[in-house]
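The values are calculated or read from the model by the stated rules, or taken from the named source; none is laboratory data. None of these values were measured; they are calculated from a predicted model. We place every Cβ from the backbone using ideal geometry, glycine too, and count neighbours over all the protein chains shown.
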There are 2 protein chains.
Amino acid sequence: MKPSRFEDALVCINGVFVPPEEAMVSIFDRGFLYGDSVYEVTLTYQGLPFLLDTHLARLKNSANGIGMDLPWSDEELTKLIYQGLQRVDRPRQYVRIIVTRGGGEIGLDPALSDGQNLFIIFRELPLQPKKYYEKGVSLITAEIIRNPKRAVDPNVKSGNYLNNVLAISQAKEKGAYDALMLNAKGNVTESTTANIWIVEDGVFKTPPLEAGLLGGITRATLLDLGEKHGLKMKEEDLSPHQVRSAQEAFITSSTREVMPVTSVDGQVIGNGLPGPLTQKLHDHYRAYVEQVISEEKKKASKYLD
Amino acid sequence: MKPSRFEDALVCINGVFVPPEEAMVSIFDRGFLYGDSVYEVTLTYQGLPFLLDTHLARLKNSANGIGMDLPWSDEELTKLIYQGLQRVDRPRQYVRIIVTRGGGEIGLDPALSDGQNLFIIFRELPLQPKKYYEKGVSLITAEIIRNPKRAVDPNVKSGNYLNNVLAISQAKEKGAYDALMLNAKGNVTESTTANIWIVEDGVFKTPPLEAGLLGGITRATLLDLGEKHGLKMKEEDLSPHQVRSAQEAFITSSTREVMPVTSVDGQVIGNGLPGPLTQKLHDHYRAYVEQVISEEKKKASKYLD
């Protein structure tokens with residue numbers, strides 16, 4: 001097996017910190033055999049975790065969604081994350097928390113599990129290329145549809161990501177940055193790793209959770225922030241045609257914040273440049289990040305040695 | 001992490017044989033992070049692999065289904081499997097072959113992979129409890145629907161098995177052996193790890209591949225064998241009601257062969273005992289196994305030291 005490329009990474013396995021090349025899991029772990037796991041990704045600003053409580057709440061929600069307990073309290077997880085962050089000591093950090101249903105006798109029944117496993121990956125998070133924000137990115141509509149809620153709920157962040165892997169492959173084949181995934185009704189759900197938004201008649205629109213998508217933390221934050229700043233925000237079913245003919249479009253995720261989309265299925269969005277309302281919303285978000293991080297600084301002393 | 005329980009197991013990782021407690025994979029492997037892997041399970045009779053060529057063909061088919069190459073030839077895989085079987089030297093063996101898209105930079109795009117990994121698990125396969133064949137097993141209909149072909153094709157045997165994990169959880173909660181999974185149209189597809197069959201008006205019926213299910217090797221074998229022996233075999237869409245009111249019902253898989261079903265959603269099938277036509281088909285299957293294995297014996301000398 002090739003050695004990990006992540007010389008910059010640090011991994012915490014069930015509370016023990018190890019270098020990336022020692023970050024191994026048994027092949028009998030259900031996370032490996034069936035993707036029977038849940039995860040979260042957050043990032044740091046100025047070395048401090050961003051909205052960690054909200055991410056931990058969503059981790060719990062994902063676990064509940066597949067009938068899995070979380071044997072680690074938020075407090076324990078927060079402590080481990082702060083310990084890891086102190087060790088790596090870098091301002092911009094990617095933090096991935098993975099909880100598997102563990103090992104045990106081979107078989108699908110979760111009752112066979114003999115105990116869960118926790119993995120936390122810390123690694124440097126490079127800044128997104130500037131050109132993505134200056135020129136916008138391109139999307140295609142994937143032929144692969146998003147897993148329906150009744151099969152594997154997209155609102156559970158799990159180790160089953162083949163659906164999205166297949167969709168992004170289609171995007172890459174066509175030279176696009178990411179793929180929009182539709183539901184069985186043909187409405188837009190989300191991109192493979194981000195939520196999708198458009199501006200139509202001056203209104204910010206994003207598909208509702210009922211369309212079958214992950215309730216993004218950035219998405220929820222923006223809905224609130226927009227309202228607060230007097231912008232018109234709306235959750236509404238969107239057709240691919242609506243996205244292609246929108247005034248502005250963008251995708252959102254924790255690590256990408258608000259990233260303008262300037263082309264969908266080869267069709268230019270608006271005038272082909274990132275839109276002013278997209279930029280305005282991103283500015284509000286950046287200000288909010290500053291505020292959250294300055295509050296986190298006060299809380300942090302509790303966890304720092 | 002708890003030690004593996006599989007003291008009886010042997011694992012081959014990229015051609016190297018290791019004991020189960022050393023059978024580890026990097027947590028950066030895409031198989032672990034996203035379930036970006038394919039697999040096959042076969043078994044041995046008299047220590048010899050059963051229909052290995054067919055299983056390897058299906059492994060390739062699964063890999064193609066997610067745009068993955070198989071860098072190991074059938075000949076190389078067969079040699080490794082024979083080497084493992086000689087080492088463990090037991091008549092009844094479970095063999096699981098797993099191929100992941102490997103490690104690399106974290107991200108969904110398969111192009112990030114830096115090379116694939118191969119794992120082969122050899123372990124003892126206990127005989128199925130006799131009572132399952134003498135009394136039949138019970139099924140329930142899961143509320144979770146099977147992943148649709150357009151999202152993650154059930155005909156790909158991949159590391160994304162959460163859909164089935166959720167369905168079997170519902171079965172276990174209700175004290176049933178396994179769960180039937182429906183498609184979005186409400187027709188029956190398969191159980192969580194087996195194909196479903198009924199006997200109706202003397203005709204053996206199983207849902208067509210188009211319903212969205214794994215093309216079971218035992219299923220295909222039985223369709224052929226039945227025809228050959230003058231039984232009436234038919235691939236046909238089945239409603240849950242049809243299954244519940246069938247004359248006979250059974251599930252099929254490599255490791256279970258032909259297992260009678262005598263209760264579905266609490267409703268008794270036929271007279272509540274395994275049916276005579278089910279038994280007849282199983283007898284044909286057993287005779288076929290003998291024949292295949294006696295042919296495998298001739299081929300085996302090529303691989304045995």
Give, as residue ranges, the helices (runs of 4 or more DSSP H) completely inside segment A:186-305 that count at least 1 residues that are outside the structural domain of A:I140 (by TED's automatic domain parsing). A:276-300
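For the condition more than 8 Å from chain B (Cβ to nearest Cβ), touching a residue at least 60 places away in the same chain (Cβ under 8 Å) and of a type in the set (D, E), what is the one hit in A:D36, A:D89, A:D8?
Details: A:D36 fails: more than 8 Å from chain B (Cβ to nearest Cβ); A:D89 fails: touching a residue at least 60 places away in the same chain (Cβ under 8 Å).
Testing whether each residue is more than 8 Å from chain B (Cβ to nearest Cβ), touching a residue at least 60 places away in the same chain (Cβ under 8 Å) and of a type in the set (D, E) leaves just A:D8.
One line per residue, one yes/no per condition, for (1) more than 7 Å from every other protein chain (Cβ to nearest Cβ); (2) within 30 Å of A:Q170 (Cα to Cα); (3) not charged (D, E, K, R):
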| residue | (1), (2), (3) |
| --- | --- |
| B:P126 | yes, no, yes |
| B:I144 | no, yes, yes |
| B:V152 | no, yes, yes |
| B:V156 | yes, yes, yes |
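Take the conditions under 18 Å from the mean Cα position of the chain (by Cα), among the β-branched types (V, I, T) and within 14 Å of chain B (Cβ to nearest Cβ) and apply them to A:I81. Does it pass?
On the way: under 18 Å from the mean Cα position of the chain (by Cα): yes; among the β-branched types (V, I, T): yes; within 14 Å of chain B (Cβ to nearest Cβ): no.
Taking the combined requirement at face value, the residue does not satisfy it.
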Here is a list: A:N164, A:N160. Which entry is in contact (Cβ under 8 Å) with a residue 24 or more places away in the chain, surrounded by 24 or more Cβ atoms within 10 Å (Cβ to Cβ) and part of a helix (DSSP H, G or I)? A:N164
In segment B:60-84, what count of residues is obtained for those that are touching a helix residue (DSSP H, G or I) at 6+ places or on another chain (Cβ under 9 Å), under 25 Å from B:L127 (Cα atoms) and not aromatic (F, W, Y)? 2
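Table: residues versus (1) closer than 30 Å to B:I168 by Cα; (2) of a type in the set (D, E).
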{"site": "A:N14", "(1), (2)": "yes, no"}
{"site": "A:P19", "(1), (2)": "no, no"}
{"site": "A:R30", "(1), (2)": "yes, no"}
{"site": "A:D36", "(1), (2)": "yes, yes"}
{"site": "A:A57", "(1), (2)": "yes, no"}
{"site": "A:K60", "(1), (2)": "yes, no"}
{"site": "A:W72", "(1), (2)": "yes, no"}
{"site": "A:L80", "(1), (2)": "no, no"}
{"site": "A:G103", "(1), (2)": "yes, no"}
Among the residues of segment B:196-209, are any within 14 Å of chain A (Cβ to nearest Cβ) and more than 11 Å from B:D237 (Cα to Cα)? no
The conditions are (1) over 16 Å from B:R123 (Cα atoms); (2) in contact with a His (Cβ under 9 Å, 6 or more places away or on another chain), and B:P49 fails exactly one of them. Which is it? (1)
Does any residue of segment A:254-275 turn out to be hydroxyl-bearing (S, T, Y), under 29 Å from A:S158 (Cβ atoms), out of contact with any Ser or Thr (no Cβ under 9 Å at 6 or more places or on another chain) and touching a residue at least 40 places away in the same chain (Cβ under 8 Å)? no
Output the residues belonging to segment A:25-66 that are within 14 Å of B:Y161 (Cβ to Cβ) and among the polar types (S, T, N, Q). A:S37
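Yes or no, residue by residue, for (1) at the interface with chain A (Cβ under 8 Å from one of its Cβ atoms); (2) free of Cβ contacts under 8 Å to residues at least 24 places away in the same chain; (3) of a type in the set (S, T, N, Q):
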position	(1), (2), (3)
B:E22	no, yes, no
B:S26	yes, no, yes
B:G31	yes, no, no
B:L43	no, no, no
B:Q46	no, no, yes
B:L52	no, no, no
B:M68	no, no, no
